[in-house]
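Single-structure report; data block below.
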Amino acid sequence: MADSTHSPIRGTLLFASVVLLFLSSINSALDARRVHLTVEQSQVSVLPDEEVLEALSLGYKTFWADVIWIRALQYREKGNSRRLVPRFADAILHLDPAFKAAYRWAGTTLVFANGISQEGVTKANEYLERGMQQFPEDPYYPYTVGTNWALFYPAKDKREKTEMKERGIKYLQIAMQMRGAPENIPMLIAGLMDKSNPGAKLDFLEQAYVSESDPEVKRSIERRIAGLGDIDHERAFERSKRQRSRWVQANYPFVLPGLAYQFGPRASFFR
């Protein structure tokens with residue numbers, strides 16, 4: 001009887017002891033960082049290995065993920081470098097793969113903390129790619145990966161800059177197809193496309209116009225097309241708009257134009 005009475009108390013005390021021991025180890029490591037010692041010099045580890053961490057969690061994985069998350073935010077608030085950000089992020093995501101804020105935190109901090117670098121952008125996008133796999137319907141992840149590659153990656157030369165833009169555009173196009181995607185994506189992609197190939201840019205904008213359902217966004221795309229195209233192209237575009245509208249009304253009168261466009265063969269619009 002005594003054992004059954006005190007076992008919950010023993011379990012609580014054991015859990016509290018493990019928590020205090022773990023937090024003490026983190027504090028010791030971060031104290032060493034504050035006196036300008038590296039992790040190797042102080043011979044301390046900010047976090048145990050992921051397998052050990054999982055065992056120490058005693059089944060309370062999401063609780064531990066929250067504890068480490070709070071400590072990670074404190075670490076950055078004190079002006080520490082981004083060097084240990086991956087260690088914190090890996091620990092949190094190992095315990096709780098659905099911890100959305102951790103993906104975003106790593107994806108932002110690794111890009112902008114302590115100056116933008118190729119290594120930082122690349123590592124940030126690794127976490128955002130993991131976020132894409134975990135949350136495949138969230139446009140934030142492909143959108144941010146795309147902008148990181150296209151806008152923030154410090155390319156060493158013009159050729160690499162072009163490659164990064166093209167890589168970024170692919171992710172932005174993925175994001176553009178998702179519900180809730182930022183409305184500026186078509187304009188952003190058009191701005192990133194190769195200026196030496198205006199025909200490809202016009203083709204993209206026309207396709208974006210057809211698939212877009214927001215009237216304001218459609219007007220923005222139309223203005224961009226008018227600014228890029230010549231008079232003959234503008235006339236052809238207006239004619240194709242009328243053809244598309246008639247085709248949608250005849251075939252899918254109760255379906256959004258962008259969705260109707262996906263149903264039917266594109267070539268039929270121009271017959």
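Quick note: the coordinates plus some simple rules give every number you see, no bench work behind them. Computed from a predicted structure; not experimentally measured. Ideal geometry is used to build each Cβ from the backbone, glycine not excepted, and the neighbour counts take in all protein chains shown.
For the range 94-202, the dipole from Cβ point charges (+1 on Lys and Arg, -1 on Asp and Glu) about the Cα centre works out to 280 debye, to the nearest 20.
Entry note: the range 127-178 has Rg to Rh equal to 1.03, where both radii use alpha-carbon atoms and Rh is the Kirkwood radius. Packing here is the average count of other Cβ atoms within 10 Å per residue, and on that basis the peptides 108-116, 150-158, 125-133, highest first, run 125-133, 108-116, 150-158. Loop-located GluC sites (Glu not before Pro) in the range 135-181 (DSSP state not H, G, I, E or B) with no more than 13 neighbouring Cβ atoms inside 10 Å: 137.
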